[in-house]
Amino acid sequence: MEIKNVTDGLADENLIAKGDSSMVYRGILMGTITVSVKRFFPTNKRYEDDKDFITRAEMIANVRHKNVARLLGYCVEGDERFLVYEYAEKGDLREWLHGSSGRNWPLTWRKRMEIIQGVAKGLAYFHEDIEPRITHQDLRPSKVLLDYQWNPKILDVGFSSHSGTLDEKIDVHGFGTLIMELVSGRVSVDQRSPQVFLVEWIKTMVANHMIIDILDPNLPEFPTMKELKRTVLIALRCVDPEVEERPNMGDVIHMLQPHDLLLSTSNIMSS
């Protein structure tokens, strides 16, 4: 695969995102298929060698799940590494929560809940339905893509992790924090705010019976109090400081169903 041909020479006009360790370009594959090309910075030492990178890429390329971004290919050129993913028409969740898109067209409560449920299913698939089990370890809004139907697709699974129970619980914590960002519209860490850490702020708000004030003020419509409480308490279960007390993702999927409110505010807030 000739990456520079796919992305028109990695042209600036095709750059769609830039992070701490990579850049993402829009590209055209085989003349007709729009794709996302992730280019890792040469200084990124996440992988021990090319063999490690290729092994991970080939493993993830075989994965097929509605809520996981499909890896179409990979490329190693000298000290640079590229991943080619299916294209997500709506971009990433970070833009819709914290960027201009979210400010101008805020996500509805229903869309937010569908995103939460979809991400939960994607993580549960990796944690419980395949062998070897795979974890993410870096789940955040920028790692969740949205297709034209607003289906969430988890990005970069398998490229920052190894399997293991503790790692799965790290993903559960990341998922809980993601729920909090979707409910509140706030970033997980905001050095400009008196309440720097979102998790601690939400714990305080719940303890002070101010749960309604957690809601993103830009929401086009508000959920029922019952649904809000259920969603926030699930998030709190997921970020329990006692790692082994966090639920697994299969349990979380059941908790997200309206009839399955197996939660206790007092138990959560005492941890």
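Here are some notes:
- The selection criterion, being outside any helix (DSSP H, G or I) and either closer than 27 Å to residue 61 by Cβ or under 12 Å from the mean Cα position of the chain (by Cα) (or both), holds for residue 135.
- Subset of the range 165-192 (residues that are without any contact (Cβ under 8 Å) to a residue 60 or more places away in the chain, within 24 Å of residue 213 (Cβ to Cβ) and either out of contact with any Leu (no Cβ under 6 Å at 6 or more places or on another chain) or not assigned by TED's automatic domain parsing to the domain that holds residue 137 (or both)): 184, 189, 190, 191, 192
- Residues that are more than 23 Å from residue 120 (Cα to Cα) and touching a helix residue (DSSP H, G or I) at 6+ places or on another chain (Cβ under 7 Å) were ranked within the range 166-205; the one that is modelled with the lowest pLDDT is 195.
- Out of 95, 131, sole residue that is among the acidic types (Asp, Glu) and within 21 Å of residue 198 (Cα to Cα): 95
- Residues in the range 178-203 that are farther than 16 Å from residue 102 by Cα, part of a helix (DSSP H, G or I) and not aliphatic (A, V, I, L, M): 200, 201, 203.
- Being assigned by TED's automatic domain parsing to the domain that holds residue 180, surrounded by 14 or more Cβ atoms within 10 Å (Cβ to Cβ) and free of Cβ contacts under 8 Å to residues at least 24 places away in the same chain is not true of residue 22.
- So residue 135, is it on the phi < 0 side of the Ramachandran plot, free of Cβ contacts under 8 Å to residues at least 60 places away in the same chain and either of a type in the set (Lys, Arg) or surrounded by 20 or more Cβ atoms within 10 Å (Cβ to Cβ) (or both): yes
- In the range 1-16, the residue that is modelled with the lowest pLDDT out of those that are outside any helix (DSSP H, G or I) and farther than 19 Å from residue 99 by Cβ is 1.
- Among the residues of the range 228-250, those that are surrounded by fewer than 18 Cβ atoms within 10 Å (Cβ to Cβ) and without any contact (Cβ under 8 Å) to a residue 60 or more places away in the chain comprise 228, 229, 241, 242, 245.
- Counted as qualifying within the range 17-96 are the strands (runs of 3 or more DSSP E) with 2 or more residues that are more than 29 Å from residue 181 (Cα to Cα) and either at pLDDT below 90 or of a type in the set (D, E, K, R) (or both), namely 71-77, 80-86.
- Scan of the range 64-112 for residues that are basic (Lys, Arg), more than 24 Å from residue 130 (Cα to Cα) and either surrounded by 15 or more Cβ atoms within 10 Å (Cβ to Cβ) or assigned by TED's automatic domain parsing to the domain that holds residue 30 (or both), ordered by number: 81, 90, 94, 111, 112
The values are calculated or read from the model by the stated rules, or taken from the named source; none is laboratory data. The structure displayed is predicted, hence computed values, not measured ones. Don't worry about glycine lacking a Cβ; one is built from the backbone with ideal geometry, like all the others, and counts go over all protein chains shown.
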